[in-house]
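Peer 1: This is the structure I have questions about; it appears just below.
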Amino acid sequence: MRASASSATPASPDAILIRRTMTEIEPVADKVTSYFYALLFVQYPDLRALFPASMDTQRDRLFKALLTAAQHVDDADVLTAYLANLGRGHRKYGTLPDHYPAVGECLLAALGRYATSSWGPETEAAWVRAYTAISQIMIDAASADEAVAPAWWHAEVVSHELRTPDIAVVTVRPDQPYPFLAGQYTSVETPWWPRVWRHYSFASAPRSDGLLSFHVKAVPAGWVSNAMVHRARPGDVIRLGAPGGSMTVDHTTRSGLLCVGGGTGIAPLKALVEDVAEHGIHRPVEVFYGARSDHDLYDLDTMLQLEKAHPWLSVRPVVATGPAARGGTSSETGQLPDAVRQYGPFQEYDAYLSGPPGLIRSGVDALVGAGVPADRIRHDSVEELVAAGD
Ligand SMILES: NC(=O)C1=CN([C@@H]2O[C@H](COP(=O)(O)OP(=O)(O)OC[C@H]3O[C@@H](n4cnc5c(N)ncnc54)[C@H](O)[C@@H]3O)[C@@H](O)[C@H]2O)C=CC1
């Protein structure tokens, strides 16, 4: 979380033109992205096979990516980091350098059609420059990544444990080593919904046996989550993309860790606790684990066992309704951010937030209120979480 340079320094002429287009198309974003994909698939029918059967989430993602790029167009560091990650992430879709000009041509045609008052030769030229730069960063990052990592991994389900009627702990064995850091996430594609990818955090620090675990909650209309909870069985093979996310432990400091997790958001926090334990330098770790009710604290036993084993760890279950859970350093009823506010001070802590988007948003405010400096609060991108929730 850092401020964009573009908010502090005057915007470049290209940035002004690009943002003008974005402002104009924002109210009709659905139409622009539908037109873009329709044009792309008519002009370049071979590209249809790279996309999922249903394009709903995809349309939204394209617009958000454009918006992010437009916001940071003058901030080379942020833009490059974002686009390089996007370029690497596109390898699993089978994206090739040749595809970029086709996409650019259809994108500009769609923007020109809907941004009627801001479009003209100058604006078009600004978009051509921006798109050329964007695609080059993505192509270069993908090509550099090819030398060091596969485009995707196959992983076989080796165990599937239903913890509640709609939450499963799924453990998989990747077909080749899968390097990642505790606190990161990956993208998952199931055999039942080809080319539909969703993000899930790793529920453990890297293990010596190479196995990876995920906590998945089946949500209404969630294709991948329902398949993972209700269909996947040992022997099924899923695909994994590259690891991502910066919710990782800074092992160069001895600061405490304040971990606030709601629902299946406890998964990466458990991984962080294991990471601190394995590192051997014992720092205070405070975990606030929230759920709607006692029954929804599906991983409380594991967290309490960790608490028993590690004197530097405090686990505080927080339930929104019903009787407070038994166990832990303390046990609360109410909303997670309110529970965190009762404790502290946390000035000397690095904070980690994980869970539903609403919790991330209100949690950041609560943590700042509890004295945690904003630049020491880590969480995954709320946009990605929205996509992960279905
Ligand atoms: N890396 C991450 O941030 C991860 C995020 N998730 C996300 O976590 C979510 C888990 O869903 P569920 O288990 O159904 O969670 P849930 O809806 O049952 O909520 C869990 C907890 O968060 C609190 N909460 C929810 N919305 C809140 C708000 N607006 N303000 C304050 N507190 C709020 C609830 O009171 C409860 O304590 C999914 O959206 C999933 O995508 C899951 C794993 C990792």
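The values are calculated or read from the model by the stated rules, or taken from the named source; none is laboratory data. On a predicted model such as this, the values are computed, not experimentally measured, just so you know. Counting neighbours? That spans all protein chains shown, and the Cβs are built from the backbone with ideal geometry, glycine included. Note: accessible area is taken over every heavy atom of the protein model, side chains too, but ligands, DNA and RNA are not part of it. Shrake-Rupley method; radii C 1.70, N 1.55, O 1.52, S 1.80 Å.
Peer 1: Can you find, among 203, 34, 160, the residue sitting farthest towards the positive end of the charge dipole of the chain, where Lys and Arg contribute +1 and Asp and Glu -1 at Cβ?
Peer 2: 160
Peer 1: Express in % the proportion of alpha carbon pairs of segment 256-388 at distances exceeding 27 Å.
Peer 2: 11
Peer 1: Same structure again: In what sequence, largest accessible area first, do 134, 266 appear using a 1.4 Å probe?
Peer 2: These residues rank, largest area first, as 134, 266.
Peer 1: Here's a follow-up. Can you pull the three principal axis extents for the Cα set of segment 153-240, in Å, largest first?
Peer 2: For segment 153-240, the Cα spread along each principal axis is 34, 26, 23 Å.
Peer 1: Tell me, what is the per residue accessible area of the chain in Å², probe radius 1.4 Å?
Peer 2: It amounts to 46 Å² per residue over the chain.
Peer 1: Let me ask something else. Leaving out ligands, DNA and RNA, what percent of the accessible area of the chain is carbon and sulfur, probe 1.4 Å?
Peer 2: For the chain, the apolar C and S fraction of the accessible surface comes to 55 percent.
Peer 1: Quick one: which residues, 5 or more positions from residue 255 or on another chain, have an amide H under 5 Å from its amide H? H modelled 1.01 Å from N in the peptide plane, none for Pro or chain starts.
Peer 2: Those qualifying (amide H under 5 Å, at least 5 residues apart or on another chain) number zero.
Peer 1: Counting helices only, and only those DSSP H runs with n ≥ 4, report the 222 nm mean residue ellipticity of the chain as the sum of -39,500 (n - 2.57) divided by its residues, in deg cm²/dmol to the nearest 500.
Peer 2: Mean residue ellipticity at 222 nm (helix-derived): -12500 deg cm²/dmol.
Peer 1: With a 10 Å cut-off between alpha carbons and a GNM built on the chain, which of 359, 50, 240 moves the most?
Peer 2: 50
Peer 1: On to the next question. Ignoring everything but the protein chains, give the 1.4 Å probe accessible area of residue 341 in square angstrom, nearest 10.
Peer 2: 130
Peer 1: Taking the Cα centroid of segment 146-223 and of segment 86-142, what is the distance between the two, rounded to the nearest whole Å?
Peer 2: 31
Peer 1: Right, next: Could you pull the Cα extents of the chain along its three principal axes, largest to smallest, in whole Å?
Peer 2: Principal-axis extents of the chain (Cα, largest first): 66, 50, 40 Å.
Peer 1: Kirkwood hydrodynamic radius (Cα pairs, Å) of segment 188-299?
Peer 2: Kirkwood radius, segment 188-299: 15.7 Å.
Peer 1: What's the FRET efficiency of residue 122 with residue 314 using the Cβ-Cβ distance as r and R₀ = 51 Å, to the nearest 0.05?
Peer 2: The calculated FRET efficiency here is 0.30.
Peer 1: So what does residue 302 come to for accessible area, using a 1.4 Å probe and Å² rounded to 10?
Peer 2: Here the accessible area works out near 40 Å².
Peer 1: Taking all protein chains together and a probe of 1.4 Å, list 154, 72 from the most accessible to the least accessible.
Peer 2: My answer, sorted largest first, is 154, 72.
Peer 1: Please give me the summed charge of the neighbours of residue 167: other residues whose Cβ is under 10 Å from its Cβ, Lys and Arg +1, Asp and Glu -1.
Peer 2: -2
Peer 1: What are the residues whose amide H is under 5 Å from the amide H of residue 318, where those residues sit 5 or more places off or on another chain and H is modelled from the backbone?
Peer 2: 289, 290, 291, 332
Peer 1: Roughly how much of residue 138 is accessible, in Å² to the nearest 10, using a 1.4 Å probe?
Peer 2: Roughly 10 Å² of residue 138 is accessible to a 1.4 Å probe.
Peer 1: Here's something else I'd like to know. In debye, nearest 20: dipole of segment 17-147 around its Cα centre with unit charges on the Cβ of K, R (+) and D, E (-)?
Peer 2: Here the size comes out at about 300 debye.
Peer 1: Any lysines with Cα under 20 Å of the residue 270 Cα? List them, leaving off those in the same chain fewer than 8 positions away.
Peer 2: Excluding near neighbours in sequence, the set is 217, 308.
Peer 1: Dividing the Cα convex hull volume of segment 5-146 by residue count, how many Å³ per residue is that?
Peer 2: Cα-based convex hull of segment 5-146, divided per residue, equals 103 Å³.
Peer 1: Moving on. Got a sec to turn the phi values of segment 211-226 into Karplus ³J(HN,Hα) couplings, 6.51 cos²θ - 1.76 cosθ + 1.60 with θ = phi - 60°, whole Hz, x for Gly and Pro?
Peer 2: Residue by residue, segment 211-226 yields 6, 10, 10, 10, 9, 10, 10, 6, 10, x, 6, x, 5, 5, 5, 5 Hz.
Peer 1: Could you tell me which of 221, 364, 52 has its Cα farthest along the dipole of the chain towards the positive end, charges placed at Cβ (Lys, Arg +1; Asp, Glu -1), taken about the Cα centre?
Peer 2: Positive-most Cα among the choices belongs to 221.
Peer 1: Mind jotting down the three principal axis lengths of segment 212-269 based on Cα atoms? Whole angstrom, largest first.
Peer 2: So the extents along the principal axes, rounded to whole Å, are 43, 23, 18.
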